[in-house]
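Below: one structure, written as structure tokens.
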Amino acid sequence: MSAVQRVVMVVAIAVAAVLVIAAIAPTLLWPLDPLATDPGGAFAPPSAAHPFGTDQSGRDVLARVLAGTRLSLGVGLAATTAALVVGLAIGTASGFAGRGVDSVLTRAIEVITAFPEFLLALVIVAIIGPGPIGVAVAISIAAVPAYARVARAGTLSARRAGHVTAARVLGVGAVRTAWRHVVPAVMGPLLAMATIGVGMAIVTAAGLAFLGLGAQPPTPEWGLILDDGRNHLGRAWWIALFPGIAITVTVLATSVIGRAVRRRVEAA
Amino acid sequence: MRRLPGWAAELLRGLGGLLVVVWGAATLGFLAVRLVPGDPVDTMLGIHAQVGEHIKEQIRIDLGLDRSPLEQYLAYLGRLLTGDLGRSYQLNTTVVEVIGQQLPSTLQLTAAAMVLAIALALASVLLARGRVGAAVASTLELVAVSAPTFWTGLLLLTVFGFGLGWFPVLSSSSPAALVLPALTLALPIGAILAQVLREGVTGALDQPFAQTARARGVGAARMLGRHGLRHGAVSAVAIGGYLVGSLLGGAVLVETVFARPGLGRVALRAILDRDMPVVLGLVILSALVVATVNLLVDLVLRRLDPRIRLGAAR
Amino acid sequence: MSAIVRVEGLRIAIGAASVVDGVSFEIAPGECLAIVGESGAGKSLTARSLLGMLPDAAEVTADRLEVDGEDAGGWRERDWRRRRGSTVGLVSQDALAALDPLRRVGAEVAEAIVVHRTVTGREAVRDRVVELLDRVAVPEPALRARQRPHELSGGLRQRALIASAISASPTVLVADEPTTALDATVQRRVLELLAQLKADGLAILLVSHDLGAVAGLADRVAVMRDGRFVETGTTAQVLGAPTHPFTRALLAARPVPGSPRAIDEAPPALEAIGLRRVYPSGTRARGDRVAVADASLRVAPGRTLGIVGESGSGKSTLVRMLLAIERPDSGEVLLDGLPWSALSERSRRSRRGRIQLVDQDAFGALNPRWRVSRILDEALQAHGVPRARRAPAARELLEGVGLDAGHLARRPGELSGGQRQRVAIARALASDPVVLVCDEPVSALDATVQAQVLDLLASTQRRLGVAIVLVSHDLSVIASMADEVLVMRDGVIVERGATDAVLQRPTHPFTRDLVAGLAEPKLF
């Protein structure tokens, strides 16, 4: 790793650490109450007392952004983990199954993939109803096909690997071969995908909230704050600016970490 | 049956696949809509409507909701084949009309965004060469992909609309009003395209045939133009379906941010109002679009890279 | 004739390591100089210095570097680019990778012409391309020019590659392993083509580890080791009467046909009767592909059966059927005289230990993430060895293949090619098999290592009495070890018999071709 890459990694991990702290105990980083309104102090531009300014109800934007981390991170992690587990199961089953089952599963996944992920999540939320849980479920369902595809491809190619054939020639049973030789090979790329997937899930969740389909006001949520910001764009540009920075920085950090994971996996 | 030329057989198979996908989407949509809790009539009339039960019964019969699910499904498929997507619960028109009215605006936006994205990607790959240039370009692209579209749209609007006043803040049908939304939508797409293109190009230049070409006296420019770009294009076209899907998804957000009329607004309204026929219609439409793009991508890929024609045989 | 290439005191360093350490040579027009040696000796780098195509990290110095009479010492990239293709051409191995798969063959052949503008005008260029393809004996040149590289067979591809290298009429040709990836019969034709070009006045620098190819084409030979020439001279001198010990070792490492052996009549450990395997064509109406048609064979314990055939001959499919990892469409395999292929996998599993595989790709056959200890442990566990005995058993296995216990802690990536193959052999022996199927076990190895591995297989056979099925495209490998040989072509066994009989009196024309290629190549 070059010096620049090392610095970038350190920064990314630092950002991730800050995010985790913000998710668990936001007041450790900034003591103000995200829900405390102050109508008289509305639309205050960034200052020492309010580094991110205040919104239309006089609430401190920095406190709200920090508080929003928990929801965003929570939804992102939950959705991605669920998608990874389900995708792994479907993908490996499909990769090992006989041609019949495999093609049925593949077709089904193809149909789902015909949908852009965001639109699919949108439609699922339409059915389940708005709210953070609905958003998490929607995002994870929309993400499963991608993980299943990678798991299936990995399974198929691992099955053809010399050492898998060797295991078969040695007389090792099918399940054991799968568990020992195939799954470890597949987990690597999946984990790399998942690390970046968390970032993507966070953006999608914020997007759905921005459209009014996620958490409802007055809950602090990055997409919601951005929506507030949109409504008062000409007057108070800072309400829209900072949650967006938070999202971008989060996604950047997960991308960097995800790439490092992928490089590690490919080198093995 | 055996005497069909290769490409015709492939085309038929592709179309067959497309039909399967659209049918699958329609069926899944139909099932999903049935899952929506609550009485569709109540949904249609709205929570606050004070309507007598016998009128509701009449509406149910009119809509065919009194028949068995299987009959409803078959009737639904039948209507689809004739291009009838049903009637909106909320608005007083057919779904086809609703979609048809707003389609051109969205089409304008996505087409402009695609063109911009391709231009940005090509510029990035052709201009930012060499280790430093490529690294800088990669970083910028990473940021472009990480920043949410609804945020970049707001930023661009603030700076170029409210701030500098170069572009109109309110939406209109003038081309100037198309610039910021199209640019917003184009940024992440162009970034991904640039990355894939660059990976394809540099990957190709690392392979043995690049050495052979170099041994013939081929210089950097010709190497990139004649050899590299073709390989890069293969990778780029391969993700065409995904890119179009992202465009459609992004369009919803961008239209909301810039208050532009279009299918995005229609979709949002329909979802918030639980107007299921419209939602279903949009679902089928987007499935159709993406599946068609995938089919085109397949056909183009086979022409570009004939190795793919052989499949997994070798 | 005066030399057209003159190199004196060439030194190439990559980082701190000196890869080429003071090399000097000359080549005259119409002459071929071959550089031989093992991988990593610096042969390719030396050759590429004539093109100015060394890795960026390499530092090159030379007392003299003359190409086509011009002093190349001070040439910058731009100068080299003008000479590449027009003065010096390059032919490398594996034309499938060396030609742009997305471009037509004709475009690739024409590229040097277009870049150097030796011919202008689209019609004229096209004619020249057809002319060149014809010169390199590519049939139907106009048709081939419009095709893409993967649509041509290996031999045609390599010839097209040569055409693309000489299209702008260079006076010097660097041939870097031009025949390595090819089947034996194809190799010879490519070498004949190069000989013709040489006769027409081309100066050739040939780099190869295949001494047979060298003997056929080169006028002079330089033997390279660790960046230096340890011996130079005419081909007759170097190959016929080598003086340097390293050269002698290199020559001795070529597998030599063994002593006469008779066919044994003992009951077979492995028997195949009428095996047939057909792959359905799928889409096109081209007809199904017959991979193996009516193959029968038997091997007795302690004997070696060789199967020789080129790629596409069906030998790999046959191997898979013998191992019962692929089911024959008709016919049967018997192991220890009992049904083998006809059984279900569950009934077979307990007997799997009786027949084991040593594959060509040792790197793929060993799980790259596992240590050698775990790899052997898996085999022993599958054979039912109790946990307590596995560690000592693993050590014994390694010793049996000539590796010490220190290798247990290593991963495949940390071993050399020869060591990996030994580990693969050790693993195969873990279950005490009666049959060992070796599918191209030495093709990917250097000459000296090849000999060691073959020796190991032979001594293992003597020690354990195991029957060996040895599959290879290289007849010399088969000839050195097999008692009996089968020759396969396009799925059919075209000839069989005792190895010496087949070698001395081949009947089928294909066999005759193979044997001709094997002949001790004019070693004087």
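The values are calculated or read from the model by the stated rules, or taken from the named source; none is laboratory data. Computed from a prediction, not measured in an experiment: that's the story for all the values here. Virtual Cβ from ideal backbone geometry, glycine too; neighbours counted across all protein chains shown.
Scan region C:4-18 for residues that are modelled with pLDDT under 85 and either part of a strand (DSSP E or B) or of a type in the set (A, V, I, L, M, F, W, C) (or both) and report the count. Before the answer, list the steps.
Of all residues in region C:4-18, those modelled with pLDDT under 85 come to C:14-18.
Of the ones still in play, those that are also either part of a strand (DSSP E or B) or of a type in the set (A, V, I, L, M, F, W, C) (or both) are C:14, C:16-18.
The number of residues fulfilling the criteria is 4.
If you take just the helices (runs of 4 or more DSSP H) that sit entirely in region B:67-175, which of them hold at least 2 residues that are without any contact (Cβ under 8 Å) to a residue 60 or more places away in the chain and surrounded by fewer than 12 Cβ atoms within 10 Å (Cβ to Cβ)?
B:69-81, B:95-127, B:130-146
Which residue out of C:Leu161, C:Leu156, C:Leu133 is closer than 28 Å to C:Pro29 by Cα, crowded, with 24+ Cβ neighbours inside 10 Å and either free of Cβ contacts under 8 Å to residues at least 60 places away in the same chain or of a type outside the set (A, V, I, L, M) (or both)?
Values: C:Leu161 fails: either free of Cβ contacts under 8 Å to residues at least 60 places away in the same chain or of a type outside the set (A, V, I, L, M) (or both); C:Leu156 fails: crowded, with 24+ Cβ neighbours inside 10 Å.
Only one candidate passes the filter, namely C:Leu133.
When the residues of region A:5-38 are narrowed to those that are outside any helix (DSSP H, G or I) and touching a residue at least 60 places away in the same chain (Cβ under 8 Å), which ends up surrounded by the fewest Cβ atoms within 10 Å (Cβ to Cβ)? Before the answer, list the steps.
Kept after step one, since they are outside any helix (DSSP H, G or I), are these residues of region A:5-38: A:25, A:29-38.
Keeping just the survivors that are touching a residue at least 60 places away in the same chain (Cβ under 8 Å) gives A:34-35.
Values: A:Pro34: 21, A:Leu35: 14.
Looking at the filtered set, the residue picked out is A:Leu35.
Checking C:Arg496 against (1) part of a loop (DSSP other than H, G, I, E, B); (2) under 23 Å from C:Ala295 (Cβ atoms), only one condition comes out false. Which one?
Unmet condition: (1).
Per-residue answers, yes or no, for (1) crowded, with 21+ Cβ neighbours inside 10 Å; (2) in a loop (DSSP other than H, G, I, E, B); (3) in contact (Cβ under 8 Å) with a residue 60 or more places away in the chain:
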site: C:Val214; (1), (2), (3): yes, no, yes
site: C:Val221; (1), (2), (3): yes, no, yes
site: C:Met224; (1), (2), (3): yes, no, yes
site: C:Gly233; (1), (2), (3): no, no, no
site: C:Ala236; (1), (2), (3): no, no, yes
site: C:Leu239; (1), (2), (3): yes, no, yes
site: C:Thr243; (1), (2), (3): no, yes, no
site: C:Ala249; (1), (2), (3): no, no, yes
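Helices (runs of 4 or more DSSP H) wholly in region C:70-170 with at least 2 residues that are more than 28 Å from C:Ser49 (Cβ to Cβ) - which ones? Can you show your working first?
On the way: elements: C:77-83, C:95-98, C:105-116, C:122-135, C:141-146, C:154-166.
Helices (runs of 4 or more DSSP H) meeting the threshold: C:105-116, C:122-135, C:141-146, C:154-166.
Can you pull out the residues in region A:154-179 that are within 20 Å of C:His383 (Cβ to Cβ) and of a type in the set (Val, Ile, Thr)?
A:Val164, A:Thr165, A:Val169, A:Val172, A:Val175, A:Thr177
Here is a list: C:Asp432, C:Asp474, C:Asp439. Which entry is closer than 27 Å to C:Asp336 by Cα, surrounded by fewer than 21 Cβ atoms within 10 Å (Cβ to Cβ) and assigned by TED's automatic domain parsing to the domain that holds C:Arg298?
On the way: C:Asp474 fails: closer than 27 Å to C:Asp336 by Cα; C:Asp439 fails: surrounded by fewer than 21 Cβ atoms within 10 Å (Cβ to Cβ).
Being closer than 27 Å to C:Asp336 by Cα, surrounded by fewer than 21 Cβ atoms within 10 Å (Cβ to Cβ) and assigned by TED's automatic domain parsing to the domain that holds C:Arg298 holds for just one of C:Asp432, C:Asp474, C:Asp439, which is C:Asp432.
Take the residues in region C:67-88 that are buried (at least 18 other Cβ atoms within 10 Å of the Cβ) and more than 7 Å from chain B (Cβ to nearest Cβ); name whichever of them is modelled with the lowest pLDDT.
Residue satisfying both the conditions and the ranking: C:Ala72.
Being within 14 Å of another protein chain (Cβ to nearest Cβ), aliphatic (A, V, I, L, M) and in contact with a Lys or Arg (Cβ under 9 Å, 6 or more places away or on another chain) narrows it down to one residue among A:Ile90, A:Ile109, A:Ile24; which is it?
Working: A:Ile90 fails: within 14 Å of another protein chain (Cβ to nearest Cβ); A:Ile24 fails: within 14 Å of another protein chain (Cβ to nearest Cβ).
Answer to the check: A:Ile109.
Residues to consider are C:Ala424, C:Ala467, C:Ala458, C:Ala451; find the one that is closer than 16 Å to C:Asp361 by Cβ, out of contact with any Phe, Trp or Tyr (no Cβ under 7 Å at 6 or more places or on another chain) and of a type in the set (A, V, I, L, M). So that I can check it myself, show each step before the final result.
Working: C:Ala467 fails: closer than 16 Å to C:Asp361 by Cβ; C:Ala458 fails: closer than 16 Å to C:Asp361 by Cβ; C:Ala451 fails: closer than 16 Å to C:Asp361 by Cβ.
After applying the criteria, what remains is C:Ala424.
With a cut-off of at least 1 residues that are more than 14 Å from chain C (Cβ to nearest Cβ) and of a type in the set (D, E, K, R), name the helices (runs of 4 or more DSSP H) lying wholly within region A:159-260. Steps first, please.
Numbers: elements: A:162-170, A:174-177, A:183-210, A:222-231.
Because the criterion is at least 1 residues that are more than 14 Å from chain C (Cβ to nearest Cβ) and of a type in the set (D, E, K, R), the helices (runs of 4 or more DSSP H) in region A:159-260 that meet it are A:222-231.
Can you name every residue in region C:92-107 that is within 8 Å of another protein chain (Cβ to nearest Cβ) and either within 24 Å of C:Val207 (Cα to Cα) or in contact with a helix residue (DSSP H, G or I) (Cβ under 6 Å, 6 or more places away or on another chain) (or both)? Spell out how you get there, then give the answer.
Going through region C:92-107, the residues within 8 Å of another protein chain (Cβ to nearest Cβ) turn out to be C:92, C:94, C:97-103.
C:Ser92, C:Asp94, C:Ala97, C:Ala98, C:Leu99, C:Asp100, C:Pro101, C:Leu102, listed by residue number.
Checking C:Leu305 against (1) out of contact with any Asp or Glu (no Cβ under 9 Å at 6 or more places or on another chain); (2) at pLDDT 90 or above, only one condition comes out false. Which one?
(1)
Would a scan of region A:63-74 turn up a residue that is part of a helix (DSSP H, G or I), among the basic types (Lys, Arg) and crowded, with 21+ Cβ neighbours inside 10 Å?
So the first thing to find is which residues in region A:63-74 are part of a helix (DSSP H, G or I), and the list is A:63-74.
Cutting the leftovers down to among the basic types (Lys, Arg) gives us A:64, A:70.
Subsequent filtering for residues that are crowded, with 21+ Cβ neighbours inside 10 Å retains A:64.
Yes, that holds for at least one residue.
Quick one: C:Ala272 ticks every box in (1) outside any loop (DSSP other than H, G, I, E, B); (2) within 24 Å of C:Leu475 (Cα to Cα); (3) modelled with pLDDT under 85 bar one, so which box is it?
Result: C:Ala272 fails condition (3) only.
Do we have A:Thr54 as touching a residue at least 12 places away in the same chain (Cβ under 8 Å), in contact with a strand residue (DSSP E or B) (Cβ under 7 Å, 6 or more places away or on another chain), buried (at least 20 other Cβ atoms within 10 Å of the Cβ) and of a type in the set (Ser, Thr, Tyr) here?
Numbers: touching a residue at least 12 places away in the same chain (Cβ under 8 Å): yes; in contact with a strand residue (DSSP E or B) (Cβ under 7 Å, 6 or more places away or on another chain): yes; buried (at least 20 other Cβ atoms within 10 Å of the Cβ): yes; of a type in the set (Ser, Thr, Tyr): yes.
Yes; evaluated as a whole, the condition is true for this residue.
Tell me which residues, restricted to region C:171-181, are within 17 Å of the chain's Cα centre (by Cα) and in a loop (DSSP other than H, G, I, E, B). Write out each step before concluding.
Start the filter on region C:171-181 by keeping residues that are within 17 Å of the chain's Cα centre (by Cα), which leaves C:175-181.
Once the filter is applied, which keeps residues that are within 17 Å of the chain's Cα centre (by Cα) and in a loop (DSSP other than H, G, I, E, B), region C:171-181 yields C:Glu177, C:Pro178, C:Thr179, C:Thr180, C:Ala181.
May I ask you to list the residues in region B:197-209 that are hydrophobic (A, V, I, L, M, F, W, C) and either modelled with pLDDT of 90 or more or buried (at least 22 other Cβ atoms within 10 Å of the Cβ) (or both)?
So the first thing to find is which residues in region B:197-209 are hydrophobic (A, V, I, L, M, F, W, C), and the list is B:197, B:201, B:204-205, B:209.
Across region B:197-209, the qualifying residues are B:Leu197, B:Val201, B:Ala204, B:Phe209.
Which condition from (1) assigned to a loop (DSSP other than H, G, I, E, B); (2) surrounded by fewer than 21 Cβ atoms within 10 Å (Cβ to Cβ) is the one that C:Asp455 breaks?
In the conditions (1) assigned to a loop (DSSP other than H, G, I, E, B); (2) surrounded by fewer than 21 Cβ atoms within 10 Å (Cβ to Cβ), C:Asp455 misses (1) alone.
Could you grab me the full set of residues in region C:3-41 that are free of Cβ contacts under 8 Å to residues at least 12 places away in the same chain and either among the aliphatic types (A, V, I, L, M) or closer than 24 Å to C:Ala195 by Cα (or both)? Give the steps one after another, and end with the answer.
Kept after step one, since they are free of Cβ contacts under 8 Å to residues at least 12 places away in the same chain, are these residues of region C:3-41: C:16-17, C:40.
If the condition is that a residue be free of Cβ contacts under 8 Å to residues at least 12 places away in the same chain and either among the aliphatic types (A, V, I, L, M) or closer than 24 Å to C:Ala195 by Cα (or both), then C:Ala16, C:Ala17 are the ones that fit.
Tell me the helices (runs of 4 or more DSSP H) entirely within region C:315-414 that contain at least 3 residues that are buried (at least 16 other Cβ atoms within 10 Å of the Cβ) and within 31 Å of the chain's Cα centre (by Cα).
C:315-322, C:362-365, C:372-382, C:387-400
Out of curiosity, is B:Phe209 within 14 Å of chain A (Cβ to nearest Cβ), more than 22 Å from B:Val300 (Cα to Cα) and touching a residue at least 12 places away in the same chain (Cβ under 8 Å)?
Numbers: within 14 Å of chain A (Cβ to nearest Cβ): no; more than 22 Å from B:Val300 (Cα to Cα): yes; touching a residue at least 12 places away in the same chain (Cβ under 8 Å): yes.
The answer is no for B:Phe209.
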